[in-house]
Amino acid sequence: MIKILWPIWFLICYCILLVNTQAQIRIDRKGLVQRHNVINQGTDSLSSLSVGNGRFAFTIDATGLQTFPEHYDKGIPLGTQSEWGWHSFKDTAGYKFEETLKTYILNGRKVSYAVQWNQPKRNRDAANWFRENVHRLQLGNLGFILLHKDGTEAEISDIQNIHQELNMWTGAIISSFTFDSQIVNVQTYAHQGLDLVGVKVRSKLLTEGRLKIRLRFPYPTNQFADNGDNWQNPDKHQSSITSAGKQQVTIIHRLDTNQYFVRIAWQGSASFTNAATHQFVLSPQGNADTLMFTCLFAPRNTRVATLGFSQIQANSIQQWKTFWQSGGAVDFKGSTDPRANELERRVVLSQYLTKIQCSGHQPPQETGLTYNSWYGKPHLEMHWWHGVHFALWGREQLLENSMDWYHHVEVNARAIAKRQGYEGVRWQKMTDPDGNESPSSVGSFLIWQQPHFIYFAELDYRAHPNKQTLNKYKDLVLVDADFMASFPTYDKEHDRYNLGKGIILAQERYKPEETYNPTYELQYWRWALNTAQQWRKRLGLHPNKKYALILKKLAILPQKDGVYLAAESSPDAYTNPKLKTDHPAVLAAYGTLPYNTRLDTMVMKKTFNLVWNVWDWKDTWGWDFPMAAMTAARLNMPEKAIEALFMPIQTNTYLPNGHNYQDGRLRLYLPGNGGLLAAVAMMCAGWDGSTTTNPGFPKDGKWKVKWEGLRKMP
């Protein structure tokens, strides 16, 4: 009997030990996140913090609200933006989109592109009009009025003893400061399903009538950026109270072509007045030293029940806990490499920032929902860098949100392809919520956004390999591939199909009329058409003969002196100073994309080393560094991957609040954050065919990398 029971007893003990061991290696996610909570102790204009939910974001200063917008407008502006908040000025000149089109003779035929004309003036003005309109709105500025005893308003220098903390685990920003020696404590939350903020203020200044809440409506600009503090042109828009109850009011803000509503609700005794044009003031009354209020922004006069501060707080705490406990996590605790803690900080903050800025139902703009860049419009070539990481971190539903938008804009994408003589859909570059083109002498010629949707769909299928996923995306995958198969031009002399002429690379340094066969785009074309054929097989369809022909005869990757060129049309890619700037996208051919037999890894390694040494890295962008890291990882150069992530270049700067700073124009740049997350995921979990644990990290004993919930990159 003992002999029979002993193996069973041993197995039971082993299972208990295994369970305990597994429990021990689980990452303490709350501890991981909270050790990187952001602390502010001043009013640096780049230090502002945001709450949000992916469709709406609210950015605040050191006071916990948007009290001093002018101080921050050259830093991280105090924005209030939503994915529904768009505006257009009235077109008094009657521009037609056809006036932006210019005809080019490319590959022996006429093709029209929407570009920024220099002459004649009418065409130039039309192009500018369609670039600038529609533009994203700054919905309102919600701040404090802080009054000295003599009735004068506070300046930012009067705010002292600042201590502000962003608690990413709960989505709370807790702010404390003194004004005239009186303490003010503020809690700020965003609801995770509504465009709604909740605020709790505690201070004796409330009982003295020296702390009030002010809502102001700025006027939109037709400028590249909109920082939310344009108080000019008060006569060009209207705002008024439409309804008022005992503890809530609704305000309508009307502009040239649209209108929206703001509802403020509070607890306790207070008055609400239209204090000045486009300015509304909530004045607490009585002896209470605590004020709780909420502010809802909505495109329509909604009948949604008013939620109180406590409900918004509870919603934020619960939803953020769910977010952090889902999907992937990476823990570098125990590493002795001095870069490890900083990398962990960037990773945690980038997850928070991309969740609140990039997980909505439209592709985000490069500055998210904080302030406008390129008039607030998204760039579809950047959608990869904004969204792919969600799938790699096991949160593919956040990528799915914006994938559905492609169904909405398909009709416009199909019209572009038809106008230019191609099949299928040609995805826009710089666009708007409805998929309208924005004229651009660069963007209209880019093609590397075209395969992105197939990449997204394939990632989603890997997460959910079922008929539902296939049926949801099959139509867009196939019409995307239809364009890709019709776009290459047959080169009879060499019996091949070329990409171009008539294109600009991801590296935006080339003339479209002269450019053909770029390395990265060729490789991406092959991968996407191969993947489309796999989708046809999964759907029970025969292989597409046109796809197969292009795959068989598409031009090979161009080389010179044993390295890959940016494009076959530019053999001087590494000797011409102008061509060693901007994105070194040639590396993406084996960074974001998997190996195939058309690529020689030894040639790519030599290319990587040349680019590393000769590139003008000062003239690059935030996502170029994680792109280089991914290529280095695939080439089995993990130390170079880490060096790429920490290259000491301004555009690779990560501010204390986690934002990827570029320059005075782009003080935040979310493709950098998204790219970092994609790179770290693949450096941990690897890619198709990789077998090494943490293949992107050095094996020198200095890196202790623990991760869970990540997925391999293709």
Considering (1) under 27 Å from the mean Cα position of the chain (by Cα); (2) more than 20 Å from residue 501 (Cβ to Cβ); (3) assigned to a loop (DSSP other than H, G, I, E, B); (4) touching a residue at least 60 places away in the same chain (Cβ under 8 Å), say which one residue 588 fails and leave the rest. (3)
The range 116-131, residues that are buried (at least 16 other Cβ atoms within 10 Å of the Cβ) and among the polar types (S, T, N, Q): 116, 123, 128
Of the criteria (1) more than 30 Å from residue 91 (Cβ to Cβ); (2) within 25 Å of the chain's Cα centre (by Cα), which one residue 184 fails: (2)
Flag if residue 215 is within 28 Å of residue 285 (Cα to Cα) and assigned to a helix (DSSP H, G or I): no
For the range 668-714, how many residues meet the condition of being over 30 Å from residue 449 (Cβ atoms) and of a type in the set (Asp, Glu)? 2
From (1) touching a residue at least 12 places away in the same chain (Cβ under 8 Å); (2) under 30 Å from residue 95 (Cβ atoms); (3) surrounded by fewer than 22 Cβ atoms within 10 Å (Cβ to Cβ); (4) among the aliphatic types (A, V, I, L, M), pick out the condition that doesn't hold for residue 105. (1)
Can you name the residue in the range 97-142 that is part of a strand (DSSP E or B) and closer than 21 Å to residue 367 by Cβ and, of all such residues, is farthest from the chain's Cα centre (by Cα)? 142
Identify, by number, the condition in (1) in a loop (DSSP other than H, G, I, E, B); (2) surrounded by 22 or more Cβ atoms within 10 Å (Cβ to Cβ) that residue 188 doesn't meet. (1)
Residue by residue through the range 193-210, note down the ones that are closer than 24 Å to residue 306 by Cα and touching a strand residue (DSSP E or B) at 6+ places or on another chain (Cβ under 7 Å). 194, 195, 196, 197, 198, 199, 200, 201, 202, 206
Is it fair to say residue 230 is touching a helix residue (DSSP H, G or I) at 6+ places or on another chain (Cβ under 7 Å), surrounded by 14 or more Cβ atoms within 10 Å (Cβ to Cβ), outside any helix (DSSP H, G or I) and in the same structural domain as residue 279 (by TED's automatic domain parsing)? no
Of the conditions (1) under 29 Å from residue 291 (Cα atoms); (2) touching a strand residue (DSSP E or B) at 6+ places or on another chain (Cβ under 8 Å); (3) of a type in the set (Gly, Ala, Ser), the single one that residue 112 does not satisfy is (1)
Can you find even one residue in the range 155-175 that is farther than 30 Å from residue 345 by Cα, in contact with a strand residue (DSSP E or B) (Cβ under 8 Å, 6 or more places away or on another chain), in the same structural domain as residue 311 (by TED's automatic domain parsing) and not acidic (Asp, Glu)? no
Conditions first: (1) surrounded by 16 or more Cβ atoms within 10 Å (Cβ to Cβ); (2) over 29 Å from the mean Cα position of the chain (by Cα). Residue 236 passes all but one, so which condition is the exception? (1)
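Here's the yes/no breakdown for (1) more than 16 Å from residue 347 (Cβ to Cβ); (2) over 15 Å from the mean Cα position of the chain (by Cα); (3) surrounded by 23 or more Cβ atoms within 10 Å (Cβ to Cβ); (4) in the same structural domain as residue 585 (by TED's automatic domain parsing):
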residue: 657; (1), (2), (3), (4): no, yes, no, yes
residue: 661; (1), (2), (3), (4): yes, no, no, yes
residue: 671; (1), (2), (3), (4): no, no, yes, yes
residue: 680; (1), (2), (3), (4): no, yes, yes, yes
residue: 691; (1), (2), (3), (4): yes, yes, no, yes
residue: 697; (1), (2), (3), (4): no, yes, yes, yes
residue: 700; (1), (2), (3), (4): yes, yes, no, yes
State whether one or more residues within the range 579-591 are surrounded by fewer than 15 Cβ atoms within 10 Å (Cβ to Cβ) and modelled with pLDDT of 95 or more. no
Restrict the check to the range 484-491 and report whether at least one residue is at pLDDT 95 or above, within 19 Å of residue 406 (Cα to Cα), of a type outside the set (Lys, Arg) and touching a helix residue (DSSP H, G or I) at 6+ places or on another chain (Cβ under 9 Å). yes
Considering every residue within the range 11-20, establish whether at least one is surrounded by 10 or more Cβ atoms within 10 Å (Cβ to Cβ), modelled with pLDDT of 50 or more and either part of a helix (DSSP H, G or I) or not assigned by TED's automatic domain parsing to the domain that holds residue 192 (or both). no
Requiring at least 2 residues that are closer than 22 Å to residue 356 by Cα, the helices (runs of 4 or more DSSP H) wholly within the range 621-689 are 670-685
Under 7 Å between Cβ atoms, which residue pairs at least 6 apart in sequence (or on different chains) link something in the range 153-182 that is within 21 Å of residue 72 (Cβ to Cβ) with a partner that is of a type in the set (D, E, K, R) and part of a strand (DSSP E or B)? 174/165
If we scan the range 413-430, do we find a residue that is out of contact with any Ser or Thr (no Cβ under 6 Å at 6 or more places or on another chain) and more than 26 Å from residue 489 (Cβ to Cβ)? no
Considering only the range 239-266, state which residues are among the basic types (Lys, Arg) and over 14 Å from residue 293 (Cβ atoms). 254
Out of 90, 149, report the one residue that is outside the structural domain of residue 44 (by TED's automatic domain parsing), part of a loop (DSSP other than H, G, I, E, B), farther than 20 Å from residue 428 by Cβ and touching a residue at least 12 places away in the same chain (Cβ under 8 Å). 90
From the list 489, 519, which one is among the polar types (S, T, N, Q), under 15 Å from residue 593 (Cβ atoms), in the same structural domain as residue 425 (by TED's automatic domain parsing) and in contact with a strand residue (DSSP E or B) (Cβ under 6 Å, 6 or more places away or on another chain)? 519
Kindly indicate whether residue 510 is over 21 Å from residue 111 (Cβ atoms), part of a loop (DSSP other than H, G, I, E, B) and among the aromatic types (Phe, Trp, Tyr). no
Give the residues of the range 611-648 that are of a type in the set (A, V, I, L, M) and surrounded by fewer than 19 Cβ atoms within 10 Å (Cβ to Cβ), sorted by residue number. 614, 647
Looking at (1) among the charged types (D, E, K, R); (2) in contact with a helix residue (DSSP H, G or I) (Cβ under 7 Å, 6 or more places away or on another chain); (3) farther than 21 Å from residue 465 by Cβ, which is the one condition that is false for residue 538? (3)
Could you check residue 413 against (1) more than 23 Å from residue 461 (Cα to Cα); (2) touching a strand residue (DSSP E or B) at 6+ places or on another chain (Cβ under 9 Å); (3) not basic (Lys, Arg) and say which number it fails? (2)
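The values are calculated or read from the model by the stated rules, or taken from the named source; none is laboratory data. Computed from a prediction, not measured in an experiment: that's the story for all the values here. Here Cβ is always computed from backbone atoms with ideal geometry, including for glycine, and neighbour counts include all displayed protein chains.
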